[in-house]
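Throughout, read-outs are computed from the coordinates displayed, never taken from laboratory work. Because the structure is predicted, anything quoted here is derived from the model rather than measured. Please note: Cβ atoms are built from the backbone with ideal geometry, for glycine as well, and neighbour counts cover all protein chains shown.
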DNA sequence: GGTGAACCTTGATCCTGATCAAACTGGAGC
DNA sequence: GCTCCAGTTTGATCAGGATCAAGGTTCACC
């Protein structure tokens, strides 16, 4: 079992040191919270197995899904270097994460420059990801948002060696809507419409993309 | 002139080292680009004077304002540790920034733990900021968005020692709309309406908040 | 295997903000 | 001081998605 929680390009001693920094695994059952908004921040988490959602909370109590996280994703970055988590994280199915105590990681990053660089890249990637979501929420129509969401999932499943065209959604229509800034009825209608138009086949949470090209075109048009 | 581009809690030698890492100042005229999306990433920038906007670009060419940056803000973080800038940055008025070469900073962060911590905090804060924008774009109505935007500006001016109730907007209605996911006409109408309702006085880009409490209530309601 | 709750679909209607259009304003440049 | 143009305001209309409502489906749990 040579794989790493942080996919760094390291070798030898460095790698061992990183291995040591990675704490034990935690099993989560569907619905379990890994951490909640406002919890004191002490560690990052690498998703080993399963799917989590992170949610942001407005002062008035409104909650919104900020992201979905699959195997290999690192979560908790938003609390890095601060006192408290700004998000909450909940398992959408039985999952497993490993804990990366932050004190240790920060220290390690000082001694292992490639790791430091890697950490920075993770953070920057998180920022870029968020910018993508802002673009989606700020300037796309409902159908573009859903298409974009499905293509994003597709790409991520592909990268993990799963089918990129046939997968099971781990979240409800309401959660999808929350992430996309839409109501659940709108999400449901869009799935139906996409199916009518031959872009995909959907049955509850089972999705089969039948025309990735058409979905791409949907996202890319306008301009 | 003892102030720092990165407001770190350092002293003595550390402080000198950081000072040394901060490159020279650059003057920007209104409309000048500091960097563009896709430019190779080499440095962060601290805003010394003026106002900048950062913009994200979709593949299809759509552009959206990702943030407005005032004196003391650090920009360019999204490119950190990666090859290219994911955003563009443009001066909204004559401005001045100082360049913080990234290679140097990363190296320095290894030797000066408080600086490392500070850098991480900046990154985490940027992520949290983006989450706030996602919340705004995903779940607020138009009037809540504008109120939220104005209160945010107000707070930031206050923190910088300027009036928190009377200021000049440095961006056009269209740019405000782009940031808030609204059209310029909607922004204009909202300003007029807020004025009618006695929340503020507006004349072109001059804004005077006359009822911060009412603006707050507007944002906070819905539960 | 049956039951109930959570989740999903679909329909009808409403409303917010987009779009189209036209006139007004103010400031930069001559 | 005048001109011109980018930016702003305001009006009229439209449409996308929200909301309200009512069944239908699935699956976890007993």
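Got the relative contact order for region A:34-137 handy, in percent, Cα pairs under 8 Å and 6 or more residues apart? Please list the in-between numbers first.
Details: 170 pairs, mean separation 34.3, N = 104.
This gives 33 percent for region A:34-137.
If you put a point 7 Å past Cα along the Cβ direction, how far is that point for residue A:24 from the same point in each other copy, in nm, smallest first?
Distances to the matching label points in the other copies: 5.8 nm.
For region B:165-223, what is the relative contact order in percent, using Cα pairs closer than 8 Å and at least 6 residues apart in sequence? Don't skip to the answer; put the middle values down first.
Values: 59 pairs, mean separation 20.5, N = 59.
RCO, region B:165-223: 35 percent.
Project the alpha carbons of region B:78-120 onto their principal axes and report the range along each, largest first, in whole Å.
On the principal axes, region B:78-120 reaches 36, 22, 16 Å in Cα extent.
Find how many whole Å separate the alpha carbon centroid of region A:141-197 from the alpha carbon centroid of region A:57-116.
Cα centroid of region A:57-116 versus Cα centroid of region A:141-197: 24 Å apart.
Given the -39500 (n - 2.57) contribution per DSSP H run of 4+ residues, what per-residue ellipticity at 222 nm results for chain B, rounded to the nearest 500 deg cm²/dmol?
Details: 7 runs with 95 residues, N = 223.
Per the formula, -13500 deg cm²/dmol.
Using 1/(1 + (r/R0)^6) with R0 = 51 angstrom and r between the beta carbons of residue A:196 and residue B:104, what's the FRET efficiency to the nearest 0.05? It would help to have the intermediate numbers written out before the result.
Details: r = 57 Å, r/R0 = 1.12.
According to the calculation, E is roughly 0.35.
Can you give the angle from 0 to 90° between the axis of helix A:184-196 and the longest principal axis of chain A, with both taken from C-alpha atoms, to the nearest 10?
The two axes meet at around 60 degrees.
May I ask for the angle, rounded to the nearest 10°, between helix B:102-111 and the longest principal axis of chain B, with both axes built from Cα atoms and the value confined to 0 to 90°?
70 degrees
Provide the FRET efficiency to the nearest 0.05 for the residue A:29-residue A:174 pair, computing r from the beta carbons and using R0 = 35 Å. Show your work: numbers first, answer last.
On the way: r = 20 Å, r/R0 = 0.58.
FRET efficiency, residue A:29 to residue A:174: 0.95.
Can you pull the Kirkwood radius for chain B, inverse mean 1/r over Cα pairs, to one decimal in Å? Display every interim value, and only then the final one.
Details: mean 1/r = 0.0535 Å⁻¹.
After inverting the mean inverse Cα-Cα distance, the result is 18.7 Å.
Starting from the Cα gyration tensor of the protein assembly as shown, multiply each eigenvalue by 5, take the square root, and state the resulting semi-axes largest first in whole Å. Walk me through the numbers before you get to the answer.
Numbers: eigenvalues 224, 200, 79 Å².
Rounded to whole Å, the semi-axes are 33, 32, 20.
Provide the convex hull volume over Cα atoms per residue for region B:104-148, in Å³. Could the numbers behind the result be given before it?
Values: hull volume 3.3 nm³, N = 45.
In region B:104-148, the Cα convex hull volume per residue is 73 Å³.
Along the Cα→Cβ direction, 7 angstrom out, place labels at residue B:40 and residue A:62. What is the inter-label distance in nm?
Going from the residue B:40 label point to the residue A:62 one covers 4.3 nm.
I need the inter-copy label distances for residue B:101: point set 7 Å along Cα to C-beta, values in nm with one decimal, smallest first.
When each copy's label point is compared with this one, the spacings are 3.7 nm.
Shielding of B:46-56 by partners, i.e. mean partner chain Cβ atoms within 10 Å per residue? It would help to have the intermediate numbers written out before the result.
On the way: counts 0, 0, 0, 0, 0, 0, 0, 0, 1, 1, 8.
Neighbouring Cβ atoms belonging to other protein chains average 1 per residue here.
For region B:142-218, what is the Kirkwood hydrodynamic radius in Å, using each pair of distinct C-alpha atoms? It would help to have the intermediate numbers written out before the result.
Working: mean 1/r = 0.0814 Å⁻¹.
This gives a value of 12.3 Å.
Taking the beta-carbon count within 10 Å as an exposure proxy, list A:154, A:178, B:128 from fewest neighbours to most. Before the final figure, lay out each step's value.
Numbers: A:154 20, A:178 23, B:128 16.
By the 10 Å Cβ count, ascending: B:128, A:154, A:178.
Can you give me the angle between helix A:113-139 and the longest principal axis of chain A, using Cα atoms only, in degrees from 0 to 90, rounded to the nearest 10?
20 degrees
Taking Cα pairs under 8 Å and at least six residues apart, what relative contact order does chain B come out at, in percent? Spell out each step's value before the answer.
Details: 345 pairs, mean separation 42.3, N = 223.
RCO, chain B: 19 percent.
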